[in-house]
Structure formats: structure tokens, C-alpha cells
1. Among (1) crowded, with 17+ Cβ neighbours inside 10 Å; (2) without any contact (Cβ under 8 Å) to a residue 60 or more places away in the chain; (3) not aliphatic (A, V, I, L, M), which single condition is TYR40 missing?
2. Run ARG99 past the list (1) surrounded by 13 or more Cβ atoms within 10 Å (Cβ to Cβ); (2) at pLDDT below 95 and report the number of the one that doesn't hold.
3. Hey, could you check region 43-63 for residues that are in a strand (DSSP E or B) and modelled with pLDDT of 95 or more and say which is nearest to LEU8 (Cα to Cα)?
4. Between a residue in region 65-80 that is in a strand (DSSP E or B) and any residue that is β-branched (Val, Ile, Thr), which pairs come within a Cβ distance under 6 Å, given they are 6 or more apart or on different chains?
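The values are calculated or read from the model by the stated rules, or taken from the named source; none is laboratory data. Predicted model only: the values in this text are computed from it and were never measured. Here the Cβ positions follow ideal geometry from the backbone for every residue, glycine too, while neighbour counts run over all protein chains shown.
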Amino acid sequence: MKEVLDFLREAGVFYFATVDGDQPMVRPFGFFMEFEGKLYFGTNKARNVYRQLQANPKFQACIAGKQMAWLRITGRVKFDNRPEVLEAAASIRPDLFGRQRTIHGAGNFKPALFYIEDGEAVFNTMPNVTRSVKL
């Protein structure tokens with residue numbers, strides 16, 4: 001897990017893919033955290049990605065690293081709306097998940113935090129070296 005987290009930190013932005021019906025949908029993500037030994041991501045319940053993951057919890061994320069290395073994470077998401085999860089997310093990104101944002105006058109922002117179930121992280125480097133880590 002540490003190696004996956006380090007790779008995500010170094011990359012900053014990564015790309016998160018879902019499906020909408022039969023159409024693949026990819027968008028940039030930037031938030032992640034480890035909580036209770038699980039890899040979490042977060043979004044807004046008003047976003048299409050939330051609706052897509054509700055309909056089909058399977059996803060894939062692709063993270064580009066340095067020197068032609070990249071990481072692909074696959075699995076299923078499990079939404080977790082416990083207050084302690086939101087508190088952990090707010091401690092990392094108060095601008096996204098903090099009390100002011102989520103409770104006081106933030107319009108339609110409703111946080112949706114989720115972790116990876118049955119996940120796998122596959123590290124790739126050039127030339128064609130691949131190894132896998134269970135999440």
C-alpha cells in the first residue's frame with residue numbers, strides 16, 4: 001500500500017475511469033487517502049461519476065509517474081459515509097471536505113467518499129516490466 005500511496009502523491013493528478021451505460025468516461029482526480037488500511041477516493045454526490053459508480057461500482061484509475069513508469073488501479077468501490085471518514089478527508093483537504101465547505105453554504109456539495117474493494121494495483125515501467133500488488 002505504501003508504494004501505491006507514494007506513487008499517487010508524486011503524480012498529484014491521476015485519471016479515473018467509469019462507465020455510463022456502454023460509454024467509457026474518464027476524468028482527472030486528485031484526492032486520495034489511506035484510512036483504516038484502505039485506499040479512499042472522494043467526489044461530490046452531484047457529479048456524474050457518483051451516479052456512474054452507484055450504477056456500476058467497477059472502475060479503473062491510471063497514474064503516470066516519472067521515467068515512463070505508470071500505475072493502473074482496478075477494483076470496485078464501496079461508499080463509506082461514516083463521520084470519521086469525512087473527518088479524515090477534511091484533515092487532508094479542508095478546502096474540499098472541510099466543515100465550511102460541506103455544511104455552511106457550499107451549495108450542492110455533498111461529499112461521497114469511497115474505498116477500493118477487491119482492488120489491484122499494477123506497476124508498469126519501460127521496457128515492459130509489470131508487477132502487481134493487491135489492495
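1. The single condition TYR40 does not satisfy is (2).
2. Tallying (1) surrounded by 13 or more Cβ atoms within 10 Å (Cβ to Cβ); (2) at pLDDT below 95, ARG99 fails exactly one: (1).
3. Selected residue: ILE63.
4. Pairs found: LEU71/ILE63; ARG72/VAL122; GLY75/ILE116.
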